[in-house]
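Data block below; observations after.
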Amino acid sequence: MQAKLVNKVVIKRNGRVVDWDSFRIQTAVFKAAINGKYKEKPLHANMIANNVTKVVEKVIAELPFEKIEIETIQNQVIKQLNDFDKDVAHDFLAYKTKQNIEQRH
């Protein structure tokens, strides 16, 4: 799947443009899961992170444009998480909110 995403770039909240990096999605989902519902189940947290990342990659690869806003990616991650595990979707939103607050300070 990664090969189809080589031509995709991400527009960050601050306007910077960076190369697509699926690992960032996987890491964020894993951190949300491991710091929430799956604190004692890292293998399960990793499985959710891998599955969500694969689906998001597929959806983003099918978009007809090369520049993807970070909000588009985040919304897709939340949508997929809701399909996989609503508790982790909630944990992800809490994690991203905390991360956004920390980045502003």
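A few comments on the model shown:
- Partner lysines whose Cα lies under 19 Å from the Cα of Lys58, excluding those fewer than 8 positions away in the same chain, are identified as Lys4, Lys8, Lys67, Lys79.
- Dipole magnitude for the chain: computed about the Cα centre from +1 point charges on Lys and Arg Cβ and -1 point charges on Asp and Glu Cβ, it is near 200 debye.
- Rg/Rh for the chain, where both radii come from Cα atoms and Rh is the Kirkwood radius: 0.97
- Crossing angle, helix 22-34 versus the chain [Cα axis fit, 0-90 degrees, rounded to tens]: 20
- You can think of it this way: the chain between Arg104 and Asn75 has 8.4 nm of extra reach, that is 0.36 nm per residue less the Cα-Cα gap.
- Interchain or long-range residues, amide H under 5 Å from Glu69's placed H: Ile11
- Selection from His44, Pro64, Val17, by position along the positive dipole direction of the chain (Cβ): Val17
Read the figures in this text as sums done on the coordinates, not as results from a lab. A quick note: this is a predicted structure, and the numbers were derived from the prediction, not measured. Every residue, glycine as well, gets a Cβ built from its backbone with ideal geometry; the counts of neighbours run over all protein chains shown.
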